[in-house]
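J.: Take this structure, written in structure tokens, and hold onto it; I'll ask about it next.
The values are calculated or read from the model by the stated rules, or taken from the named source; none is laboratory data. Small disclaimer: the values here were computed from a predicted structure and weren't measured. Note that we place each Cβ from the backbone using ideal geometry, even for glycine, and neighbour counts take in every protein chain shown. The protein model used for the area step is the full one, side chains on, heavy atoms only, and it has no ligands, DNA or RNA in it. Shrake-Rupley method; radii C 1.70, N 1.55, O 1.52, S 1.80 Å.
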Amino acid sequence: MELLLFYEMILTLLASCLAAAACLSAFLVGRSKMMLYSFTGFLSYFFDVVLVFQDVFMEHIDATFVHDGTYLLVRSFLVIFTGAGFLVSLWLIICEYVGDTREAMRIVPGLVFIGLSEFVLVGFPDSGFQRFAFYTLRSVFLLWMLCAATMRFLRTKDEFERARLWRKRWIAATLVVLGACIVIEDVYGFLICDTPYFQIGPVLISSERNYAENVLLLACAFFACRDAARMLLMRFHEPTAIKDGPDDEKMRENLLAYARRYGLSAREREVLGQALSGKDNQNIASGMGIALNTVKVHMHNIFKKTGCANRKELSQDFWKRM
């Protein structure tokens, strides 16, 4: 059974690496901020699991060193920042998806998480309750993020925005269920058993290795790799053209979201779509059956509203936002 747990740890490390690589590739191709945040999050979780692997490795070399107070304190501080890297990246993805650009809303929650974690680590005596509070702060932060996204969904009056958020309901539901499982596992391991290890049948399990959290990581890796693959395939087949098909339907949805974010009119959105497909002003005018000067006026308004100086910046900004 210990061998199975070893391979479970290897699987988690592998999933973190593969997801990080997929998200980095998608970012380099599409310059999507959400892909960059995903890459940072999975890389942080990789090092989070490495710290656990380090404990297991050092336990076999020098058990007294692993239980040394200085080693445990330094390791715990590292765990705070690796955990924060994963959770804050997830929070930034949520902010980017819902279009919340407030700097305070993006930065403050992560700082609060780090501050509370350090307070629990230093201010509470070493006990099962301290370890429970220390690790459960992750789940609390996760559930708070999902509650914030849910409140955004409930408050919005824009039907299109509600539809966009509603499509992510299964991802949110999966994270809620797994977040609750993490809390249950922490309660059992730290409060009920209050021991570094506890037995479930023939399996000896470490309290600090939350297996529900690893399942949550695998779920996030699946969703991230799926979106990264879609982005890479879209760029491979046709980087900017809009044609009939599921990928282009997604692009039209992104175009509508981008237009709503910058307050573009319906006509400006249509011109923007033509411009992103690589057409010049004359071809846009001919294709839409409007005057060339009208196209120029629409393009001028698009540049002004988005803050872009030219078509290249406009295209780059569009793919960064999506």
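J.: In whole angstrom, how far apart do the alpha carbon centroids of the range 2-49 and the range 57-129 sit?
T.: 18 Å
J.: Does anything in the range 104-133 have its amide N under 18 Å from the 7 Å Cα→Cβ label point of V74, and if so which residues?
T.: 122
J.: To the nearest 20 debye, what charge dipole does the chain have about its Cα centre, counting +1 at the Cβ of each Lys and Arg and -1 at the Cβ of each Asp and Glu?
T.: Rounded to the nearest 20 debye, it is 2080 debye.
J.: Given the -39500 (n - 2.57) contribution per DSSP H run of 4+ residues, what per-residue ellipticity at 222 nm results for the chain, rounded to the nearest 500 deg cm²/dmol?
T.: The per-residue figure over the chain is -27000 deg cm²/dmol.
J.: If you don't mind, there's one more thing I want to ask. Counting only protein heavy atoms and a 1.4 Å probe, tell me what percentage of the range 1-66's accessible area is made up of carbon and sulfur.
T.: Here it works out to 78 percent.
J.: Moving on to the next point. At 27 Å minimum axial length over the Cα atoms and a Kyte-Doolittle cut of -0.5, report the qualifying DSSP H helices in the chain, or say none.
T.: Answer set is 2-30, 33-61, 69-98, 103-123, 128-155, 211-237.
J.: So for the range 251-294, taking the charge dipole from beta-carbon charges (+1 Lys/Arg, -1 Asp/Glu), which of A285, Y262, L272 sits furthest toward the positive end?
T.: The listed residue farthest towards the positive side: Y262.
J.: How high is the FRET efficiency from L28 to T64, r the C-beta distance, R0 56 Å, rounded to 0.05?
T.: Efficiency, rounded to the nearest 0.05: 0.75.
J.: Carbon and sulfur atoms: what percent of the 1.4 Å accessible area of the range 71-188 do they account for?
T.: 75 percent
J.: Measuring with a 1.4 Å probe in the full set of protein chains, what accessible area per residue, in whole Å², belongs to the chain?
T.: I get 52 Å² per residue for the chain.
J.: Report in % the part of the accessible area of the range 259-322 that belongs to carbon and sulfur, leaving out ligands and nucleic acids; probe 1.4 Å.
T.: Roughly 46 percent of what the probe reaches on the range 259-322 is carbon or sulfur.
J.: In addition: With all protein chains present and a 1.4 Å probe, how do L121, L233 order by accessible area, largest first?
T.: If we order L121, L233 from most to least accessible, we get L233, L121.
J.: State which stretch of the chain is the longest one without any exposed trypsin sites (Lys or Arg not before Pro), exposure meaning a DSSP loop state and at most 11 other Cβ atoms within 10 Å.
T.: 1-101
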